[in-house]
Amino acid sequence: MVHKAEFTYPSPLDGYENAPPLSEDRNEDGKSLKNPVRETLSKAYQEFPDPLDKGRRGGFDVHIYYFQSNESQTQYARELWERIRREFPELRIYRFWDRPIGPHPVAMFEVNIFTPAQFGAFISWLAIYRGPLSVLIHPNTVEEGEGVSHVDVDRRNHSQRAIWMGERIPLDLDRFWTSK
């Protein structure tokens, strides 16, 4: 089990420390709040924020799970894998595993996402087309410094930073523990 107390978090307000207070004024719908006007969109629309990997690995891995002993799930997963390869050829799509591999306790296939635009397009599409399958979306981060291990970073990316669609499938995180 991952203990959240072992992680540190940057302040979400870094860079906004001296910003004026936000208004409580409402938009025309009477529910949502009016936000301050910006001259430009957030740069997060164009590139992933640090420490997300902007290189060969891509910013996010998407693992699409199916129970390999369930014929209808296996068929649906294979059809989805084919559709993704046809619909999103710019994404990196890996082989169709017919058994558990690594920390993944059931069969799956993996897709890599390289840009915020790809993330928005693919994840919204997948929300509709994933059918009965569960999906793990996790970041790939580049974190360096004294005492930072690749194994610890991968453990955090697969657990504390993970996003799930559908039912969460417990991963075998033991492979990510290192001796301290």
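The values are calculated or read from the model by the stated rules, or taken from the named source; none is laboratory data. This one's a predicted model, so the numbers in the text were calculated from it and none came from an experiment. Heads up, the Cβs are rebuilt from the backbone with ideal geometry, glycines too, and the neighbour counts pull from every protein chain shown. Calculation scope for accessible area: heavy atoms of the full protein, side chains included, ligands and nucleic acids excluded. Shrake-Rupley method; radii C 1.70, N 1.55, O 1.52, S 1.80 Å.
The sole residue among 128, 137, 123 that is open to solvent by 30 Å² or more (accessible area, probe 1.4 Å), within 20 Å of residue 91 (Cα to Cα) and either at pLDDT 95 or above or outside any helix (DSSP H, G or I) (or both) is 128. Taken as a whole, the structure leaves residue 22 outside the set of residues that are within 29 Å of the chain's Cα centre (by Cα) and over 27 Å from residue 118 (Cα atoms). Can you pull out every residue in segment 140-180 that is part of a strand (DSSP E or B) and β-branched (Val, Ile, Thr)? Selection gives 141, 163. Among the residues of segment 13-36, those identified as in a loop (DSSP other than H, G, I, E, B) and open to solvent by 100 Å² or more (accessible area, probe 1.4 Å) are 13, 16, 17, 18, 20, 21, 22, 24, 28, 31, 34, 35.
Scan segment 48-77 for residues that are open to solvent by 90 Å² or more (accessible area, probe 1.4 Å) and either of a type in the set (A, V, I, L, M) or within 30 Å of residue 143 (Cβ to Cβ) (or both) and the total you get is 3.
Out of 85, 92, 56, I need the residue that is in contact with a strand residue (DSSP E or B) (Cβ under 6 Å, 6 or more places away or on another chain) and free of Cβ contacts under 8 Å to residues at least 12 places away in the same chain. Which one? Within the list 85, 92, 56, the selection yields 85. Residue 97 satisfies every condition listed in (1) in contact (Cβ under 8 Å) with a residue 40 or more places away in the chain; (2) over 20 Å from residue 58 (Cα atoms); (3) aromatic (Phe, Trp, Tyr) except (1).
Scanning segment 93-116 for residues that are under 15 Å from the mean Cα position of the chain (by Cα) and open to solvent by 70 Å² or more (accessible area, probe 1.4 Å) returns no hits. Can you tell me which residue is nearest to the chain's Cα centre (by Cα) among those in segment 152-168 that are open to solvent by 50 Å² or more (accessible area, probe 1.4 Å) and of a type in the set (A, V, I, L, M, F, W, C)? Here the answer is 163.
Output the number of residues of segment 148-164 satisfying the condition of being β-branched (Val, Ile, Thr) and either touching a Lys or Arg at 6+ places or on another chain (Cβ under 7 Å) or under 15 Å from residue 52 (Cα atoms) (or both).
2
Take residue 145 and decide whether it is out of contact with any Lys or Arg (no Cβ under 6 Å at 6 or more places or on another chain), in contact (Cβ under 8 Å) with a residue 24 or more places away in the chain and open to solvent by 30 Å² or more (accessible area, probe 1.4 Å). Judged against the criteria, residue 145 is not a match.
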